[in-house]
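Below you'll find the structure, written out as structure tokens, and then a few comments.
The values are calculated or read from the model by the stated rules, or taken from the named source; none is laboratory data. All values reported here derive from a predicted model rather than from experimental measurement. Note that we place each Cβ from the backbone using ideal geometry, even for glycine, and neighbour counts take in every protein chain shown.
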Amino acid sequence: MLMLVISVLAFNYEKNEKIKMIRMDMDKMASKIASEVIQLHMQTHANYHHALNALISRYKDTSIAFFDSKKRVLYSNIPESADLIKNHKEVGFFSFKGEYYLMTDETFAHLGVAKMLFKNAKPLHFSSLYRNIILVFVVAFLCVIGVSVFLGRLFLKPIRNEITRIDHFLKNTTHELNTPMSALVLSLKTLEDSQQHRRIKIAIQRMSFLYRSLSYLVMQDIECESPILLDLKALINKENTLFSEMIDYHKLEFKSDLAEVEFKAKEQDFISLYSNLLMNAIKYSVVHGYIHIELTPEFLKVKNLGYEIPKDKITELSVRYARFNSSVLGYGIGLDLVKKVCEKYKMRLEIHSEPSLKGSFHENSFWIYFQG
């Protein structure tokens, strides 16, 4: 019975590895084509249709479909693409009738392409895998392979965990920095006025924020910094200054009401907590909205004017990679970092979304209670 369970697990593992390889290939192709779409858009000033056709001609052998913002097919050599765009509204990797697909929005509507759909060109066949598993089962039964597998997994677990950690870090970094980096490089080539200077500055600031967040995420396990008594008002004012250009760029009204508060913690922990809350408020605020910061000895509150956060989504916001508004750039790791800092120092995070007096918008407030 044990050997049968091991065989089934081995089959599922190999199957998942093959599927994972398919997804990695699709991710690479999607990133490559998305980068070309962005470059063509930045280099083309009028005939986007001609530029898109030129791109399509280079990838005519790739199973791919392009859709506009209204889910209309711009180009497709996947017969079932029209049905898939209707049934699969979320971007991501999925299977349909034994085939594997990847839906992505990395083009950000450049050249009019809002979403891309990729299909695995080579169907998976598991007949050879079945034969190998049976052979392994027989050999394993004769050689008591169960003990070897157990020991092998035990010894390889730390390596597998480290590989997974590095894989997550590289994937997050590549995807998050791809678009700002492309915009920065292309803007430098066609720099003409001060507005482009400002865009470059904002792109650099966003890259700096992403770097700080990802560095904190990766390095926190080996950080030797000790908790000290922090001047929270001074730290918040310093971060506000760093983000001021970005706040002005998004045309947001900014107010802060800060009391003198001291709190014992690692400086990088609190900076990560506050900078992620502030960046979250900037990204999800409406144009000509506002951000209000309030600090008291009891709590820190970051409030912004934006769209309603559904009540059933509030508890999911602090889960890594969860986002309630997929139209905003990001990977959904900010509030997860905030939650981890709160848990580390026994603070309490509360999220509220209440109707505002400005039309259909809502006041979204994030409360950090220092005594959880």
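Key figures for this structure:
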read-out	value
Failed criterion for Lys233 (all others in (1) basic (Lys, Arg); (2) loosely packed, with under 13 Cβ neighbours inside 10 Å; (3) touching a strand residue (DSSP E or B) at 6+ places or on another chain (Cβ under 6 Å) hold)	(2)
In the stretch 82-104, the residues that are of a type in the set (A, V, I, L, M), closer than 14 Å to Ala114 by Cβ and part of a strand (DSSP E or B)	Met103
Breaking point among (1) under 27 Å from the mean Cα position of the chain (by Cα); (2) part of a loop (DSSP other than H, G, I, E, B), for Pro79	(1)
Residue, modelled with the highest pLDDT, within the stretch 293-345, restricted to residues that are closer than 23 Å to Ile271 by Cα and aromatic (Phe, Trp, Tyr)	Phe299
Selection count, the stretch 31-66, where residues are more than 18 Å from Asn120 (Cα to Cα), surrounded by 13 or more Cβ atoms within 10 Å (Cβ to Cβ) and touching a residue at least 24 places away in the same chain (Cβ under 8 Å)	12
Residue within the stretch 21-40 that is aliphatic (A, V, I, L, M), more than 26 Å from the chain's Cα centre (by Cα) and in a helix (DSSP H, G or I) present	no
Residues of the stretch 76-110 that turn out to be of a type in the set (A, V, I, L, M, F, W, C) and touching a residue at least 60 places away in the same chain (Cβ under 8 Å), as a count	4
